[in-house]
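Peer 1: Encoded as structure tokens, here's the structure I'll be asking about.
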Ligand code: HEM
């Protein structure tokens, strides 16, 4: 996992709970805590931090990852406004993931393992994402989708009829978007 | 979890840990940055390698493309030779074929062959240009000369379509420049021919304007405007690209290979210029090009300005454009120009001016005008105005020049100018007209043929029937003029093929044959003539720009009886024609140019007018040529004489041949005739070394000629 993700996590945690909490998570998980955006670090280190947070809060790990993803998206927008400004809605934005966003990510961060998704428009405001990655971070994806909806002033309702964590071959996320005002 | 800031020691420990983390981050970031920089550096290196490879590949591709162009150029050349044979033979067979269907087929072959030949020639030109194989001349040129050349070559067609042609040069354009006359004319000719082709009625205007000027060169803009069918704006841009206009709509419009304009573009670019066109469908087009020409270092010596100073000129033409153009041509000169739109108006003007004590000096009259035409107007003026204040009359005609000259002469008008009127023809005629006025007792208007010894030959030539063959109309006219003055009756043919046809019909005493002609050249035509029963003995005299002796021998071997070099020196022409047509009016036994004939010594040593006739009136060129002549002959006389004593007659003959040519160019006619005589004597079947007396004569004439030339050169130098 690229250091940028760890840095985002650090920011999100410190912003929400203060530096002491971040120190404690590091100490507890035994993570090094020295992250540069271009460096690569073991996936386990990220999962260790998530596990530590889960333990400290009593919340499931998935929920922690989702929370992180949701909070991380506005920060991503700050760093990479170009991916966002040409869209007014979440679905068209997400649909550029395979063709634009993640390919660019792979160029910017050599060694990045950003996933490709399978897409299906199941209705005017509905999008199905099929996710298969050995990292099995569907929870992070869900959080990022919520975060994206936040950015575009929408609200996402996501169901996962299939999930690798439940033994399925891939995860299926059925997302419905509505304007946040309604 | 510990909350922040409880115990200062814990707090310090925490801060130290964070600091340590930050240090490690910094270090790692540094390493990453360094790696990234190295990476970047390597990529730049690789890009550089790729760039070098690409530029090498590009160069290679360019070389290949040049090689291709060169190959194409060679091929086109190779193709032309057999193609010419095909065309010629098709034509000949067609003329003989009885069956009309076969005739039709052969005529199609002939026509297609000609089309193909044109295409191949264009490809040759274009590929030479693209392979950078064309070297441009940088020699003295006169813009008026270029326009005149173009007008001579197009006037007939324009006239036959009833088109007016007007040429004008902006007054600020320097007249003496350096550049490539042939290429400049080629582009302009292409534009003008196109304009004529696509204009059914109206006029074609050729303008030369000054775009910009710097210390040693000018950028000139040549534009040709017609009132023709025009070109749709979306097609304009493509016209100048090779092969692109070869689609149905455009070939119909542009005919030919479609390469002409592409060639024009390349040529203009080679001359440091550009091309372009504007057009309005149904109203006409303007095609222009620019070219950079160097300013000539020489200054004009001959100043028509002085001659024309203060003259009053009345321009009479019913066509307003013609009036404007002619007035415009005169605007750089210190003359007063007034205009009249009809003969009657002109008469009124002249009478009024006479009564006011401000008579016109020159009347420029258009011949064909409604009601009172040019000649009638001139007559009326003569009746009404006393002789002393009667203006000189110049008749301008767009129609058959011969006809006009005849009619004008009857009315006592000396000067006839053909349309299109160019500045130089106009100014020359004006100067001649007004200076004639001033010295009524002086010499009559100089006629080059007259001063070229025609009187010596009229007896020998009167009534000779001559066929002149040349594909360049101008050359035909020159020869016709020269021969007619000498009393010959002249017919012309513009191709070898036509010559053969005409000769077969009979009625000629001699044929003057240009060698280089398309389709059937002079040599083949002569062979054809000599094969024709009854024509075996008809003398054929070749006229060629080729000066190589071995080529002349080849011509003679093919049956040609004699060879004249271009530019044809009139006395040589007369002498040669006379020699080959010993006829009724001459004593059968007399050799036309008997040895030691006194006429030889009577020819002038140095005839400036005659020389200027060859050199296009270019006095500077005359001086340079004279200088060259002096330099190359100064040390040549002794060795030549030595050759004669050593009895190397062949080499000596060649020397005299050369001397004959070079002295003729300079109007050193006595030397020319003497050299010709010597050459002939040396080439005679039983030639022996010339007599001592002849050699003394030669040394003397040579010495005198050199002295006269030196004087001329010195006078010009100061
Ligand atoms: C709704 C939109 C997005 C979704 C659902 C999404 C999903 C994911 C997921 C699930 C991963 C984890 C890697 C994996 O599962 O194999 C990931 C990685 C990543 N994504 Fe996205 N992403 C989204 C938008 C973005 C945007 C806008 C950016 C920023 C430009 C971004 C940058 C990254 C980066 C840098 C990684 C880390 C790759 C690595 O370290 O190997 N993603 N994304």
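The values are calculated or read from the model by the stated rules, or taken from the named source; none is laboratory data. Quantities reported herein were computed from a predicted structural model and do not represent experimental measurements. So basically every Cβ, Gly included, is an ideal-geometry build from the backbone, and we count neighbours across all protein chains shown.
Peer 1: Inspect the range B:25-39 for any residue being away from chain A (no Cβ under 14 Å) and exposed (fewer than 13 other Cβ atoms within 10 Å of the Cβ) and give the result as yes or no.
Peer 2: Keep residues of the range B:25-39 that are away from chain A (no Cβ under 14 Å), which gives none.
Checked against the condition, which is being away from chain A (no Cβ under 14 Å) and exposed (fewer than 13 other Cβ atoms within 10 Å of the Cβ), the range B:25-39 yields no hits at all.
Peer 1: Counting only residues that are assigned to a strand (DSSP E or B) and touching a helix residue (DSSP H, G or I) at 6+ places or on another chain (Cβ under 7 Å), which one in the range A:150-159 is farthest from the ligand (Cβ to nearest atom)? Spell out the reasoning first.
Peer 2: Here is the first cut: in the range A:150-159, the ones assigned to a strand (DSSP E or B) are A:154-159.
So of that shortlist, the ones also touching a helix residue (DSSP H, G or I) at 6+ places or on another chain (Cβ under 7 Å) come out as A:154-156, A:158.
Numbers: A:154: 12, A:155: 14, A:156: 9, A:158: 10 Å.
In this case the residue turns out to be A:155.
Peer 1: Same structure again: Could you say which residue among A:147, A:143 is assigned to a helix (DSSP H, G or I), out of contact with any strand residue (DSSP E or B) (no Cβ under 6 Å at 6 or more places or on another chain) and within 8 Å of the ligand (Cβ to nearest atom)? Before you say what the answer is, go through the steps one by one.
Peer 2: Details: A:143 fails: within 8 Å of the ligand (Cβ to nearest atom).
Every option except A:147 fails the conditions.
Peer 1: Are there any pairs, at least 6 apart or on different chains, whose C-beta atoms fall under 6 Å, with the first in the range A:95-118 and more than 21 Å from residue A:36 (Cα to Cα) and assigned by TED's automatic domain parsing to the domain that holds residue A:77 and the second assigned to a helix (DSSP H, G or I) and more than 8 Å from the ligand (Cβ to nearest atom), and if so, which?
Peer 2: A:116/A:98
Peer 1: Where the second residue is assigned to a loop (DSSP other than H, G, I, E, B) and the first is touching a residue at least 12 places away in the same chain (Cβ under 8 Å) and lies in the range A:145-156, which pairs have Cβ atoms under 6 Å and are six or more apart or on separate chains?
Peer 2: Once the first residue is touching a residue at least 12 places away in the same chain (Cβ under 8 Å) and sits in the range A:145-156, its partners that are assigned to a loop (DSSP other than H, G, I, E, B) give A:152/A:89; A:153/A:180; A:154/A:180; A:155/A:180.
Peer 1: While we're on this one: Exactly one condition in (1) surrounded by fewer than 19 Cβ atoms within 10 Å (Cβ to Cβ); (2) within 11 Å of the ligand (Cβ to nearest atom); (3) more than 14 Å from chain B (Cβ to nearest Cβ); (4) more than 22 Å from residue A:149 (Cα to Cα) is false for residue A:37; which is it?
Peer 2: (3)
Peer 1: Could you list all residues from the range B:1-19 that are under 19 Å from residue A:29 (Cβ atoms), in a helix (DSSP H, G or I) and either facing chain A (nearest Cβ under 9 Å) or modelled with pLDDT of 90 or more (or both)?
Peer 2: If the condition is that a residue be under 19 Å from residue A:29 (Cβ atoms), in a helix (DSSP H, G or I) and either facing chain A (nearest Cβ under 9 Å) or modelled with pLDDT of 90 or more (or both), then B:14, B:17, B:18 are the ones that fit.
Peer 1: Just the residues that are more than 7 Å from the ligand (Cβ to nearest atom) and either assigned to a loop (DSSP other than H, G, I, E, B) or within 14 Å of another protein chain (Cβ to nearest Cβ) (or both), please, taken from the range A:115-138.
Peer 2: Those that are more than 7 Å from the ligand (Cβ to nearest atom) and either assigned to a loop (DSSP other than H, G, I, E, B) or within 14 Å of another protein chain (Cβ to nearest Cβ) (or both): A:116, A:124, A:125, A:132, A:134, A:136.
Peer 1: For residues that are closer than 23 Å to residue A:49 by Cα and near the ligand (Cβ under 10 Å from one of its atoms), scanning just the range A:71-108, find the one that is farthest from the other protein chains (Cβ to nearest Cβ).
Peer 2: Step one: filter the range A:71-108 for residues closer than 23 Å to residue A:49 by Cα, giving A:71-76.
Subset that is near the ligand (Cβ under 10 Å from one of its atoms): A:72-73, A:75-76.
Numbers: A:72: 19, A:73: 24, A:75: 18, A:76: 20 Å.
Among residues in the range A:71-108 that are closer than 23 Å to residue A:49 by Cα and near the ligand (Cβ under 10 Å from one of its atoms), the one farthest from the other protein chains (Cβ to nearest Cβ) is A:73.
Peer 1: Sticking with this structure for a sec: With the checklist (1) closer than 19 Å to residue B:565 by Cβ; (2) not in a loop (DSSP other than H, G, I, E, B) in hand, flag the one item residue B:699 doesn't pass.
Peer 2: Evaluating residue B:699 over (1) closer than 19 Å to residue B:565 by Cβ; (2) not in a loop (DSSP other than H, G, I, E, B) leaves (1) as the failure.
Peer 1: Continuing with the same structure: Determine whether residue A:49 is surrounded by 15 or more Cβ atoms within 10 Å (Cβ to Cβ) and either within 10 Å of the ligand (Cβ to nearest atom) or outside any helix (DSSP H, G or I) (or both). Give the steps one after another, and end with the answer.
Peer 2: Working: surrounded by 15 or more Cβ atoms within 10 Å (Cβ to Cβ): yes; either within 10 Å of the ligand (Cβ to nearest atom) or outside any helix (DSSP H, G or I) (or both): no.
Against the criterion (surrounded by 15 or more Cβ atoms within 10 Å (Cβ to Cβ) and either within 10 Å of the ligand (Cβ to nearest atom) or outside any helix (DSSP H, G or I) (or both)), residue A:49 does not qualify.
Peer 1: If you check residue B:155 against the conditions, is it touching a residue at least 60 places away in the same chain (Cβ under 8 Å) and surrounded by fewer than 23 Cβ atoms within 10 Å (Cβ to Cβ)?
Peer 2: Details: touching a residue at least 60 places away in the same chain (Cβ under 8 Å): yes; surrounded by fewer than 23 Cβ atoms within 10 Å (Cβ to Cβ): yes.
Yes.
Peer 1: Considering every residue within the range B:127-149, establish whether at least one is part of a helix (DSSP H, G or I), in contact with a helix residue (DSSP H, G or I) (Cβ under 7 Å, 6 or more places away or on another chain) and surrounded by fewer than 17 Cβ atoms within 10 Å (Cβ to Cβ).
Peer 2: no
Peer 1: Six or more apart or on different chains, Cβ atoms under 7 Å: show the pairs whose first residue is in the range A:10-33 and at positive phi and at the interface with chain B (Cβ under 8 Å from one of its Cβ atoms) and whose second is part of a loop (DSSP other than H, G, I, E, B) and surrounded by fewer than 16 Cβ atoms within 10 Å (Cβ to Cβ).
Peer 2: From residues that are at positive phi and at the interface with chain B (Cβ under 8 Å from one of its Cβ atoms), the pairs are A:18/B:4.
Peer 1: Can you tell me which condition residue B:269 does not meet? The list is (1) modelled with pLDDT of 90 or more; (2) closer than 22 Å to residue B:419 by Cβ, and all the others hold.
Peer 2: It is condition (2) that residue B:269 fails.
Peer 1: Could you figure out which of (1) modelled with pLDDT under 75; (2) assigned by TED's automatic domain parsing to the domain that holds residue B:709; (3) within 19 Å of residue B:678 (Cβ to Cβ) isn't true of residue B:640?
Peer 2: Here residue B:640 clears every test but (1).
Peer 1: Residue by residue through the range B:642-661, note down the ones that are touching a helix residue (DSSP H, G or I) at 6+ places or on another chain (Cβ under 7 Å) and surrounded by fewer than 18 Cβ atoms within 10 Å (Cβ to Cβ). Outline the logic, then answer.
Peer 2: First, the residues of the range B:642-661 that are touching a helix residue (DSSP H, G or I) at 6+ places or on another chain (Cβ under 7 Å): B:643-644, B:649, B:651-657, B:659-660.
Hits for the range B:642-661 are B:651, B:654.
Peer 1: Do we find a residue being assigned to a loop (DSSP other than H, G, I, E, B), within 16 Å of the ligand (Cβ to nearest atom), closer than 26 Å to residue B:20 by Cα and in contact with a helix residue (DSSP H, G or I) (Cβ under 9 Å, 6 or more places away or on another chain) anywhere in the range A:7-24? Before you say what the answer is, go through the steps one by one.
Peer 2: Within the range A:7-24, the subset assigned to a loop (DSSP other than H, G, I, E, B) is A:18.
If we keep only those that are within 16 Å of the ligand (Cβ to nearest atom) as well, we get none.
So far as the range A:7-24 goes, no, none of its residues is assigned to a loop (DSSP other than H, G, I, E, B), within 16 Å of the ligand (Cβ to nearest atom), closer than 26 Å to residue B:20 by Cα and in contact with a helix residue (DSSP H, G or I) (Cβ under 9 Å, 6 or more places away or on another chain).
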